[in-house]
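Working notes for the structure below.
Readers should treat all values here as calculations from the given coordinates under stated rules, not as data from a laboratory. As the structure is a prediction and not an experimental result, all values here were calculated from the model. Virtual Cβ from ideal backbone geometry, glycine too; neighbours counted across all protein chains shown.
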């Protein structure tokens, strides 16, 4: 099983996704991670320019870290407003024991 984790002596790291088209009706993003509270999720356009409404202080938060799959949410926002647009995910990791195994995008049923 693959994972993204920090190497020795590292306190932070970042990984970017390939460009992804958000389904027209929106979707949910979830993480399969150990220490998911130490993972940040920001959205950028297809060229890597961060979207202010979904990055920085508006970045996605993990709603629960007690589950194997941890949903990500944005305060007062849904991804439906990005439906049909191409985005990239910027995932930040901190903490020596944090492990990111997978990121899931689940399309909303119309």
* Structure fact -> Mean-square fluctuation maximum in Gaussian network of the chain, Cα pairs under 10 Å, restricted to 49, 32, 58, hits 49
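Using Cβ contacts closer than 10 Å as the measure, can you line up 87, 39 from fewest to most? Don't skip to the answer; put the middle values down first.
Details: 87 20, 39 26.
With the sparsest Cβ surroundings first, the list reads 87, 39.
Stretch residue 63-residue 80 to full length: gain in nm at 0.36 nm per residue minus the Cα-Cα span?
Working: separation 17, 0.36 × 17 = 6.12 nm, distance 1.84 nm.
Taking 0.36 nm per residue and subtracting the Cα distance, the gain is 4.3 nm.
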* Asked: Under a point spin-label approximation (7 Å from Cα along Cα-to-Cβ), what is the residue 11-residue 107 distance to one decimal in nm?
  -> 4.3 nm
* Asked: Just how far, in whole angstrom, is segment 63-88 from segment 13-34 if you go by their alpha carbon centroids?
  -> 8 Å
* To do: Calculate the spin-label point distance for residue 34 paired with residue 49, positioning each point 7 Å from the Cα along the beta-carbon direction, and give it in nanometres.
  => 4.0 nm
